[in-house]
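Asker: Attaching a single structure in structure tokens format; questions to follow.
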Amino acid sequence: MTDLRFPKPTREMAEHRHALAPAAEDAFRAFSKAVFAEGALDTRTKQLIAVAVAHVTQCPWCIEGHVKAARREGASPEAIMEAIWVAAEMRAGASYAHSIKTIELLEESKKT
């Protein structure tokens, strides 16, 4: 299924983006390479984190790229889905946690 709101990236688009701002593009690519390199966290774990974050930020290209990368790094479908559920809980948890602000405002409105 093709989503017309999100065009499929092409080599031509990537080359055009690079031509418009080559220093920034090169810096971003180097940053990305450094971030996903093996370190204190293994690359599979980093890709699972990226899958979770991609779902929170709702970036379809990030979802596609990082799910594929996670699979290449040996992540099982079950691990990928668990990462997504962690993201969902964290997103819902933020709403739950921020409800304290509403409680505070409701309490303040009683005083006026």
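Taken together, the values in this text are just the output of simple stated rules run on the coordinates, not laboratory data. Keep in mind the model is a prediction, meaning the values are calculated, not measured. FYI the Cβ positions are ideal-geometry reconstructions off the backbone, even for glycines, and counts take in every protein chain you see.
Asker: How large is the charge dipole for the stretch 48-112, taken about the Cα centre, if only the Cβ atoms of Lys, Arg (+1) and Asp, Glu (-1) carry charge, to the nearest 20 debye? Can you show the working numbers first?
Answerer: On the way: 7 positive and 8 negative charges, 27 e Å.
Result for the stretch 48-112 is approximately 140 debye, rounded to the nearest 20.
Asker: Between beta-carbons, use under 12 Å as the cut-off and find the net charge around Ala14, counting Lys and Arg +1, Asp and Glu -1.
Answerer: Net local charge, Ala14 excluded: +1.
Asker: Which value, in debye to the nearest 20, gives the size of the charge dipole of the chain about its Cα centre, when Lys and Arg are +1 and Asp and Glu are -1 at the Cβ?
Answerer: The dipole of the chain has a size of about 160 debye.
Asker: What list of ³J(HN,Hα) values in whole Hz, one per residue of the stretch 91-99 in order, does the Karplus curve 6.51 cos²θ - 1.76 cosθ + 1.60 (θ = phi - 60°) give from phi, with Gly and Pro shown as x?
Answerer: 5, 5, x, 5, 4, 4, 5, 6, 4
Asker: If packing is taken as the average number of other Cβ atoms within 10 Å across a peptide's residues, how do 5-14, 69-78 rank, most packed first?
Answerer: For the peptides 5-14, 69-78, the packing ranking is 69-78, 5-14.
Asker: If you take the Cα Rg of the chain and divide it by 2.2 N^0.38 Å, with N the number of residues, what do you get?
Answerer: 1.46
Asker: Right, something else. As I understand it, the dipole of the chain uses +1 on the Cβ of Lys and Arg and -1 on the Cβ of Asp and Glu, about the Cα centre. Which of Ala23, Pro9, Ala75 lies farthest toward its positive end?
Answerer: Result: Pro9.
Asker: How much net charge surrounds Lys46 when only the other residues with a Cβ under 11 Å from the Cβ of Lys46 are counted, with Lys and Arg +1 and Asp and Glu -1?
Answerer: Net of charged neighbours comes to -2.
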